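Let me begin by presenting the structure, written as structure tokens, before commenting on it.
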Ligand SMILES: Nc1ncnc2c1ncn2[C@@H]1O[C@H](COP(=O)(O)OP(=O)(O)O)[C@@H](O)[C@H]1O
Ligand SMILES: C[C@@](O)(CCOP(=O)(O)O)CC(=O)O
Ligand SMILES: [Mg+2]
């Protein structure tokens, strides 16, 4: 791997006790959430998944900390922490990552040390604990290389619903990995004229993706890697056993997303499927094989639609695949009555839905045909909202991890990330 050294950054670093001086620039990064069309859960067991980036994003703002501390602000979950670098000194010996180009996951002993330091009880899977442990691990593994204990002020805020199947954990990890790798000089510290675009080389994106995957392991236990791949590269991807293939022959899809608002944890659901597979392999394995076949068939049909072939018939196949997969997901134990209701409500409008992401509540997707009328979408949306669900038509397939100028952000996001007090 040829990861570029950021020489300007290194010079600034040498000349200053502040790790990422760079003329005290603020770095703003975003990573998108994702929608899994087909293959959730099966992908953890080596099957194919098709996933696409979402126009809802997580944003990270990184800046030097004026009072020489390490600060972590996570306003979505009301976490505001601050450490003196000396208090984090133990991370250097505890997380012994000798080569930042070779990402590793924490072992049990390291996890125990991090947990004890943060005062998090063993086995705790609450939102705050996972986010803090993930930060401490990535900071310790990436930022403290070369014996440094850099001060920094990090704020991460998301427009994604958290814990709802749209990949907020991966977007969180991609943003953190990108910021920490940039600040440590392992990947390019982007220069101002590169704002509003992805300016990392393919090797750098690979390194971001690999570190984000280590973070996902901490949050999910046993992730497939599909979510962090979409968060890093964006677009529509076919993911199979770590192999990422961008798909180009795909029509513009219209998708309605519904958040049932039923909370659930990906970690718990993924572990549940593994248990079922271990307990009843001859029953569950064929279901995972069938989900694999659904993803492959969906890819074929999307390519056929993109070539303008028999649109109506091919949409009928897509709808049937959605229905079958939703049944399979129920069989492997990741359904929920809130999702069944979503499928029933949309069916009354002739629309087909399935859960997306880990299931157990969270979000479902509904496929709209190119000619599904506005009035049908409105009526279905209203019926779902009447049930207390959030429902919106999405824009999918946008860019992956990106860099932003504070002043080109949408006003509301600018205000959250860069109020006058926080932004330099
Ligand atoms: N913006 C955020 N701020 C803090 N933590 C976050 C944020 N986004 C995601 N997380 C972490 O990711 C976890 C949710 O991940 P997960 O259960 O995989 O659901 P999903 O990825 O579908 O949103 C949260 O419990 C939290 O630890
Ligand atoms: C269930 C799974 O396939 C997707 C989980 O996505 P999410 O965390 O629910 O957004 C797990 C994985 O692929 O790592
Ligand atoms: Mg997740």
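Of the residues that make up region 138-146, is at least one closer than 25 Å to residue 30 by Cα, in a loop (DSSP other than H, G, I, E, B) and within 16 Å of ligand 2 (Cβ to nearest atom)?
The answer is no, given that none of the residues of region 138-146 is closer than 25 Å to residue 30 by Cα, in a loop (DSSP other than H, G, I, E, B) and within 16 Å of ligand 2 (Cβ to nearest atom).
At pLDDT below 95 and over 27 Å from residue 123 (Cβ atoms): which single residue out of 69, 104 fits that description?
Numbers: 104 fails: over 27 Å from residue 123 (Cβ atoms).
Being at pLDDT below 95 and over 27 Å from residue 123 (Cβ atoms) holds for just one of 69, 104, which is 69.
Taking the conditions exactly as written (without any contact (Cβ under 8 Å) to a residue 24 or more places away in the chain, within 24 Å of the chain's Cα centre (by Cα) and either closer than 20 Å to residue 356 by Cβ or assigned to a helix (DSSP H, G or I) (or both)), does residue 278 satisfy them or not?
No.
Any residue in region 221-232 that is assigned by TED's automatic domain parsing to the domain that holds residue 401 and at pLDDT 95 or above sitting within a Cβ distance under 7 Å of a residue that is within 11 Å of ligand 1 (Cβ to nearest atom) and assigned to a loop (DSSP other than H, G, I, E, B)? List the pairs, counting only those 6 or more apart or interchain.
That search, which allows pairs on different chains as well, returns 227/167; 230/167; 231/167.
Yes or no: region 43-57 includes at least one residue that is surrounded by 22 or more Cβ atoms within 10 Å (Cβ to Cβ) and in a loop (DSSP other than H, G, I, E, B).
Yes, region 43-57 contains a residue that is surrounded by 22 or more Cβ atoms within 10 Å (Cβ to Cβ) and in a loop (DSSP other than H, G, I, E, B).
Does residue 273 qualify as being touching a strand residue (DSSP E or B) at 6+ places or on another chain (Cβ under 7 Å) and within 16 Å of ligand 3 (Cβ to nearest atom)?
So residue 273 fails the test.
Would region 325-346 turn up any residue that is farther than 30 Å from residue 229 by Cβ and in the same structural domain as residue 227 (by TED's automatic domain parsing)?
no
Criterion first (over 21 Å from the mean Cα position of the chain (by Cα) and at pLDDT 90 or above) does residue 52 satisfy it?
no
Identify, from the list 336, 240, the residue that is within 26 Å of residue 397 (Cα to Cα) and in contact (Cβ under 8 Å) with a residue 40 or more places away in the chain.
Answer to the check: 240.
Within region 195-210, which residues are within 16 Å of ligand 2 (Cβ to nearest atom) and either free of Cβ contacts under 8 Å to residues at least 24 places away in the same chain or crowded, with 24+ Cβ neighbours inside 10 Å (or both)?
209
List every residue pair whose Cβ atoms sit under 7 Å apart, with the two residues 6 or more apart in sequence or on different chains, where the first one lies in region 259-275 and is assigned by TED's automatic domain parsing to the domain that holds residue 363 and within 8 Å of ligand 1 (Cβ to nearest atom) and the second, anywhere, is at pLDDT 95 or above and outside any loop (DSSP other than H, G, I, E, B).
266/169
The values are calculated or read from the model by the stated rules, or taken from the named source; none is laboratory data. Here the structure is a predicted model, which means the values were calculated and not measured. Reconstructed Cβ throughout: ideal geometry from the backbone, glycine too, with neighbour counts over all protein chains shown.
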